[in-house]
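For reference, the structure is listed below as structure tokens.
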Amino acid sequence: MLEALSEIGRSARTGGYCRDAWSPADLELREWFRQEAARRGLDLDEDRNGNLWAWWRPASAGASAGDSGVVTGSHLDSVRDGGAFDGPLGVVSAFLAVDLLRARGFEPVRPLGVVCFTDEEGARFGVPCVGSRLLTGVLDPDRARRLTDDEGDTLAEVLARAGRRPGDLGADPETLARVGVFVELHVEQGRALREPVGVAEAIWPHGRWRFDFHGEANHAGTTALADRDDPMLAYARAVLDARAAAERHDALATFGKVRVEPGSANAIPSRVSAWLDARGADEERVRRLVAELAASGPGAADVACESWTPEVVFGASLRDRVAAAASAGLASTDYTPGSGSCGAAGVAAVPTGAGHDAGVLAVAGVPTAMLFVRNPTGVSHSPREFAEPADCHAGVVALAAVLEDLCRS
Ligand SMILES: [Zn+2]
């Protein structure tokens, strides 16, 4: 299934993926999701925020379409020049877990849903987890509609062009109420995991801030150094300050996106806009780091927080139940694909610095857990992101065992 997606939005130059929300690549992936749901006879809903839900509803009498269910899935969009696994692995594994459960003759007594959240990465409009944040009411729909991409198009315009109704965006308690419990499987994005499969312990608090450094545009060849008001210098200083502040606070800080106006090689910029991503083990240190940066140095910038996700600690009882079910599933399976064996593997608990829709749902009060699949390179958000097929298979086996357990009650 990953192979079937392998050419969608792929750069021939780098081998990485560019799957911006609502881009042609994203629309193709969404169509693929619809087809996979249809192939399995799952009921497909697209909610008012563009999230896709494929439901396996119990055949038993007394069950109704509105019953809260067990939901798994992830996202199909990518960062720019991203890898093949971040997102798609969770969606593919969700469908394969359904297949595995059916092959075993399992019948759910509560609805089992596969979800594809819209615009998890925020690569196009700058705000991550747009689909789940709108769903849970954390993102104001007016603000969402006004989000603008690099072409100057607003999310509202982009949605209208894709045949959606931007006026529909907003909190959706009815859809959210159908999610009785959510389990997201995801490729691990660091090197914290030694076993094929792990469970998430916590998601670090993290946020994105936009820094605007202002100056005066002028000719690069005729303006004396002393006469320049060059915002690039303040920006360059901020990049170094961010690194030093991150070291001081034992946190992470990254300027990964920058926009220069007018953006000519022979002009002093009038403005440099740069986006800071900051994360850490606790909220206090992240906020202190950003506050210090915002206040530091001459030519201080206008700083605006574009998104903030508080620390998410996944509930211990659900986490332990998921870990136990995953371990038992891996230990009891006779499914040993390829050269790797997924039997008798332990399931470790790992913290993560990466944000996920699972974190947004957990903050909204949905019982939530995550399964991670080992990533031997430790690299993510890059074409080098990787997971061994045997580990991916182990992930499916573990996920199926977890869903089976959660679907019982
Ligand atoms: Zn992801």
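The values are calculated or read from the model by the stated rules, or taken from the named source; none is laboratory data. Please read these numbers as outputs of a predicted model, since none were measured by experiment. Here the Cβ positions follow ideal geometry from the backbone for every residue, glycine too, while neighbour counts run over all protein chains shown. Areas reflect the complete protein model, heavy atoms only, side chains present, ligands, DNA and RNA absent. Shrake-Rupley method; radii C 1.70, N 1.55, O 1.52, S 1.80 Å.
Tell me whether region 1-142 comes out rounded, prolate or oblate; compute the Cα gyration tensor, take square roots of the eigenvalues as a ≥ b ≥ c, and use a/c under 1.5 as the rounded threshold. Because a/c hits 1.5 or more and a/b fails to exceed b/c, region 1-142 counts as oblate. Contact order, relative form, for the chain: 21 percent (alpha carbon pairs under 8 Å, 6 or more residues apart, mean separation divided by residue count).
Largest GNM mean-square fluctuation among L185, L139, L225, using the chain with Cα springs under 10 Å: L225. Counted residue by residue at 0.36 nm each, then reduced by the alpha carbon distance between them, the extension gain from V258 to A59 reaches 66.4 nm.
By DSSP, the beta bridges lying fully in the chain are antiparallel in about 70 percent of cases. May I ask for the longest run of the chain untouched by GluC sites (Glu not before Pro) that are loop-located per DSSP and have at most 14 neighbouring C-beta atoms (other than their own) within 10 Å? That would be 217-409. When V109, V258, V286 are compared by accessible surface with a 1.4 Å probe, the order from highest to lowest is V109, V258, V286.
Remark: the chain carries 41 Å² of accessible area per residue (probe radius 1.4 Å; ligands, DNA and RNA excluded). Size check on the chain: the Cα extents along the three principal axes, sorted descending, read 78, 44, 40 Å. Fully extending the segment from D229 to R145, taken as 0.36 nm per residue of separation minus the present Cα-Cα distance, adds 26.8 nm. With the whole protein complex present, D142 retains an accessible surface near 80 Å², based on a 1.4 Å probe. Projecting label points 7 angstrom from Cα along Cα→Cβ for A160 and A331 puts them 5.9 nm apart.
Loop-resident trypsin sites (Lys or Arg not before Pro) (DSSP state other than H, G, I, E or B) in region 105-192 with no more than 16 further Cβ atoms inside 10 Å of their Cβ: R191. DSSP beta bridges in region 1-146, what fraction antiparallel, as a percent rounded to 5? DSSP beta bridges in region 1-146 are roughly 65 percent antiparallel.
A probe of 1.4 angstrom, applied to the heavy atoms of all protein chains, finds M1 with accessible area near 70 square angstrom. Within the accessible surface of the chain, defined with a 1.4 Å probe on protein heavy atoms only, the carbon and sulfur portion equals 50 percent. Please go through region 1-103 and write out the trypsin sites (Lys or Arg not before Pro) that DSSP classes as loop and that have at most 11 other C-beta atoms within 10 Å. Hits after loop and neighbour filter: R13.
Working from label points 7 Å from Cα in the Cα-to-Cβ sense, the A295 to L2 distance is 4.6 nm.
Largest GNM mean-square fluctuation among A291, A331, A369, using the chain with Cα springs under 10 Å: A291. A straight chain from E311 to A103 at 0.36 nm per residue would run longer than the Cα-Cα distance by 71.0 nm. Counted as membrane-span-like here are DSSP H helices of the chain whose alpha-carbon atoms extend 15 Å or more along the helix's own axis and whose Kyte-Doolittle mean is 1.0 or above; these are 88-103. Surface listing: F386, F372 arranged by accessible area from highest to lowest gives F386, F372, probe 1.4 Å.
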